[in-house]
Each structure stands twice: as C-alpha cells, then as structure tokens.
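**Q** Let me give you the structure first, and then I'll get to my questions.
The values are calculated or read from the model by the stated rules, or taken from the named source; none is laboratory data. Predicted model, so just to flag it, every value in this text is computed and none were measured. No Cβ is skipped: glycine too gets one built from the backbone with ideal geometry, and neighbour counts run over all protein chains shown. In case anyone asks, the SASA skips ligands and DNA or RNA and just uses the protein heavy atoms, side chains included. Shrake-Rupley method; radii C 1.70, N 1.55, O 1.52, S 1.80 Å.
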Amino acid sequence: MVIAPKVRGFICTTAHPAGCWAAVEEQIREVERFPHTGGPKKVLVIGASTGYGLASRISLAFGFGAATLGVSFERPASGSRTATAGWYNTAAFEGLARERGLYARDIMGDAFSREVKEQAAACIRAELGKVDMVVYSLAAPRRTLPDGTAVSSVLKTVGAPYSNKTIDLKTRTVRPVEVPPATEQEIADTVKVMGGEDWMDWMSFLQGEGLLAPGCITLAYSYLGPEVTHPMYLDGSIGQAKKHLKATADEMGRKLEGIKAYVSVNKALVTQSSAAIPIVPLYITMLYKVMKEMGLHEGCIQQMDRLFREKLFVPTPVVDEAGYLRPDDWEMRPDVQQRVDALWEKVDDANLEQLCDIDGYWEDFYHMFGFGFTGVDYEGDIDPDVSLPGLWKEE
Ligand code: NAI
C-alpha cells in the first residue's frame, strides 16, 4: 500500500517503515561521528522504541558496541493498519544492528507487568548472562497494577489553576490556556504511573534473580526546565512523579548493593509524549528557534550520545549538587533562557512565525512517524507488514 501521514490531535495514526528505517540510520550516522570509549557491554533498555529510549539504545549499541535487549509497547501492522512507528523503529534497529554483528533482542509487551519482567529475565539468563546497564525510559499514560486496577497519569497543576498562553500548532496561532489542578487521587495515580515504583520493581527483581553485574548502572530520565514551565511540569502532577523517580534513584543506591542509579535531566524535545503537555509545545518552538540560531540545538540522539560520552562514561560521572546528570545544560544556559523569556513576552499571532520554529516542530513531528525524509519513496507501494527477527520467544 501507499502510506501517507494521518494526523489526529497529538499523534499520527500511520507510520512509514522505510521512513523509520531512514530515521534510525540517520541517528546511527550521528553517533558514528564521534569516538566512544568504555561504556557498558550488555544493556536492558525499557522503553526502547522511540524518543530518548531509542536514542539511548542507538548510542550504546552503535557507539559503545553494547548488546541490547529492548522492552517496548508497540503494535504490528494488521490488515490495512500500519504498525506503530516504534515497531518499525525496532525492526530497523534490529536489522541494522545485525548487519554490524551487534546482538539485538526485543520484547513487546507491558513493562509494568510481572510477565514481561519474567520474559526479560529469561532472555538475559539464556543469552546475556548478566546486564551491566539498565535504561528506564518509559513514558506511559496508564499502568495496570498487579491487582488488575488501571491508573492513569494526568498533566495538570498542583494546588491552583494556572493561566498562560499556548500554541495551536495546526492553526499556527497563540491562545490563552488555563490548566486545572489535579485532585489528590490524580496526583497519587500520576506518581504510580510515572514515578519510580516500577523502576525499583525491575531493579529489585533482576537483582534477586542474580542478573545484574556488579557495579551495574541504571538510568532514568527527568525534566526540570525554566520557570515558565514549572506550574505545568516541575510543580505539576508530572513533577511530583519525577521527584519520586529521583528519590527512588537515591533509595536504590542504599538498598540495592553494587548498583549505581542516576537520573538524567534531558532537554525538552518533540516526542510522542511531550506533544501532549499543555504550554510546553510553545516553549519548545521558541527553544528550537533560539538554540538553532545559537548553534546549540540537539535532538534526542545528540543529547543521549553527549550524555554518555561526556558525562556518564568518564572516570568520574559529572553530576550537579543534587546528583542529577545534566545534558539539559545547554538548554538551561542563562543566555539561552534570557532569549526565550524575551520571545515569550512578545509572542502573538502576528509574530508567531518569526519568533517560533514551528516548521522545525512539524519536521520533528513527521520524522517521528517516518515521514519527510529525503531519499524515501513515499509514492511507491510498500508492505506495512514488517516482522521483528529479534523478537524474544521462550523455548
Ligand atoms: P516516548 O513516548 O518517545 O517513549 C516512550 C517509550 O515507552 C516507548 O518506547 C514506548 O513503547 C514505551 N512504553 C510506553 N508504555 C509502555 C509500557 N506499558 N510497557 C512497555 N513500554 C512502554 O517518550 P520520551 O519523550 O522519549 O520519554 C522517555 C522519558 O524521557 C520519560 O521519562 C520522559 O518523562 C523523559 N523526558 C522526556 C523529555 C521530552 O521533552 N520528551 C524531556 C526530559 C525527559
């Protein structure tokens, strides 16, 4: 079939297999520009199919030469429905890794479940022995708890409602927005989904099974951001979950012997998850504008590769006073933030196109689903049914 983008709200309901292949190849080329030394050799990546998790996996495999096992929640094609972009990205990753003789396996399923944790343990036991790094890069809207109840995360404020402006990316206009406060229950549920509880479950389980190498590093991702995003992010419901994630990292260091747990604060970027957060997309379009003009712009792959090469796999990992790794250091530079602040004050419908990189936003958006790459034939027929040669099946 011929596959064209179908955009619905914050997502695109189709994805292009050849375009996703091109996207993964582009990220590999980016990694191969730099020398890589040290680093882990056997890595489990939870949330490996898109965004920061996929970029981490590409840097660790194609840069540092690591064998990788990925866990993601993606769906194959069925009938006239294409697979999800994360499925095609995973197929491309596996294909390109195998071409270079790199081990790559995948489990598709709910990472919150006991069953998927057991599958990952069986795969590690059978084929890897132990892992020396676990990347936890889940971004999920809901979680099913062991007793079968489902809880959802919300993107709301805490305490009072917050009014500011946001961007309508479709109509390219600025409009006022009021974000309501979350209830106590919604905050607790958001912490359950996006906090550190499941990360701790993974690590304690793998440690108990004897599948973590001594000195194993584990890493999860967070965002702090500038003041204009705080009511929505850091001080909002998602921020409470991220505080729990950091407290979990600190607890892991005390509770799980021989494990080094870190939280890395990453740059705000267009991913399938960030597109849904109110106010943040307007900030992202301004940040892109400023950072591109200053020659400082990075995507997920440049962020993760720089994190590993310059901050984590160095003799002494580079952390701030609170113990966070900070690849968001360029985003948070005072000169960058002053310029974004000035744009924020000025922006309106008349100057939006000049002050914000809306085209850059849409370019990243379409790329996430495998669209908009030169060299890919989007007019031609393509089989949407793509298999994963490295899908883990227990004997
Ligand atoms: P994403 O939506 O691109 O990736 C999410 C990943 O989680 C995908 O691989 C997906 O398959 C997987 N996943 C979701 N639910 C799952 C489930 N139940 N079982 C197994 N896998 C599941 O998101 P993104 O943006 O890369 O987020 C990753 C982490 O980075 C999150 O913790 C996020 O808060 C953090 N972060 C994101 C920033 C951004 O601007 N996008 C900035 C700083 C941190």
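**Q** Could you give every pair whose Cβ atoms fall below 6 Å, whose first residue belongs to the range 64-85 and is crowded, with 18+ Cβ neighbours inside 10 Å, and whose second residue is of a type in the set (Phe, Trp, Tyr) and in a loop (DSSP other than H, G, I, E, B), counting only separations of at least 6 or pairs across chains?
**A** What qualifies is Ala67/Tyr103; Ala85/Phe369.
**Q** While we're looking at this one, here's another question. Away from the ligand (no atom under 16 Å from the Cβ), surrounded by fewer than 19 Cβ atoms within 10 Å (Cβ to Cβ) and not acidic (Asp, Glu): which single residue out of Thr149, Thr157, Thr144, Thr173 fits that description?
**A** Result: Thr173 is the single residue among Thr149, Thr157, Thr144, Thr173 that is away from the ligand (no atom under 16 Å from the Cβ), surrounded by fewer than 19 Cβ atoms within 10 Å (Cβ to Cβ) and not acidic (Asp, Glu).
**Q** Quick check on the range 99-141: of everything there that is over 26 Å from Ile259 (Cβ atoms) and assigned to a loop (DSSP other than H, G, I, E, B), which residue is farthest from the ligand (Cβ to nearest atom)?
**A** Gly101
**Q** Still on this structure, I have one more. Based on this model, can you work out whether Asp348 counts as at pLDDT below 95, over 27 Å from the mean Cα position of the chain (by Cα) and surrounded by fewer than 11 Cβ atoms within 10 Å (Cβ to Cβ)?
**A** So Asp348 fits the description; yes.
**Q** Looking only at the range 8-35, which residues are of a type in the set (Gly, Ala, Ser) and exposed (fewer than 14 other Cβ atoms within 10 Å of the Cβ)?
**A** Of the range 8-35, the ones of a type in the set (Gly, Ala, Ser) are 9, 15, 18-19, 22-23.
Gly9, the sole residue that qualifies.
**Q** Are there any pairs with C-beta distances below 6 angstrom linking a residue in the range 200-225 that is more than 17 Å from Ala241 (Cα to Cα) to a residue that is in a helix (DSSP H, G or I) and of a type in the set (Val, Ile, Thr), with the two at least 6 apart or on different chains, and if so which?
**A** Leu211/Ile124
**Q** Can you confirm whether Arg29 is out of contact with any Asp or Glu (no Cβ under 9 Å at 6 or more places or on another chain), away from the ligand (no atom under 13 Å from the Cβ) and part of a helix (DSSP H, G or I)?
**A** Judged against the criteria, Arg29 is a match.
**Q** What are the residues in the range 265-309 that are open to solvent by 20 Å² or more (accessible area, probe 1.4 Å) and touching a strand residue (DSSP E or B) at 6+ places or on another chain (Cβ under 9 Å), if any?
**A** Within the range 265-309, Gln272, Ala276, Pro278 qualify.
**Q** What is the residue count in the range 312-351 for residues that are in contact with a helix residue (DSSP H, G or I) (Cβ under 7 Å, 6 or more places away or on another chain), more than 30 Å from Asp132 (Cβ to Cβ) and not in a helix (DSSP H, G or I)?
**A** 1
**Q** Being open to solvent by less than 10 Å² (accessible area, probe 1.4 Å) and out of contact with any Lys or Arg (no Cβ under 9 Å at 6 or more places or on another chain) is the filter; apply it to the range 50-63 and report the residue that is farthest from the ligand (Cβ to nearest atom).
**A** So in the range 50-63, the residues open to solvent by less than 10 Å² (accessible area, probe 1.4 Å) come out as 53-61.
If we keep only those that are out of contact with any Lys or Arg (no Cβ under 9 Å at 6 or more places or on another chain) too, we end up with 53-58, 60.
Details: Gly53: 5, Leu54: 7, Ala55: 8, Ser56: 9, Arg57: 9, Ile58: 13, Leu60: 15 Å.
It comes out as Leu60.
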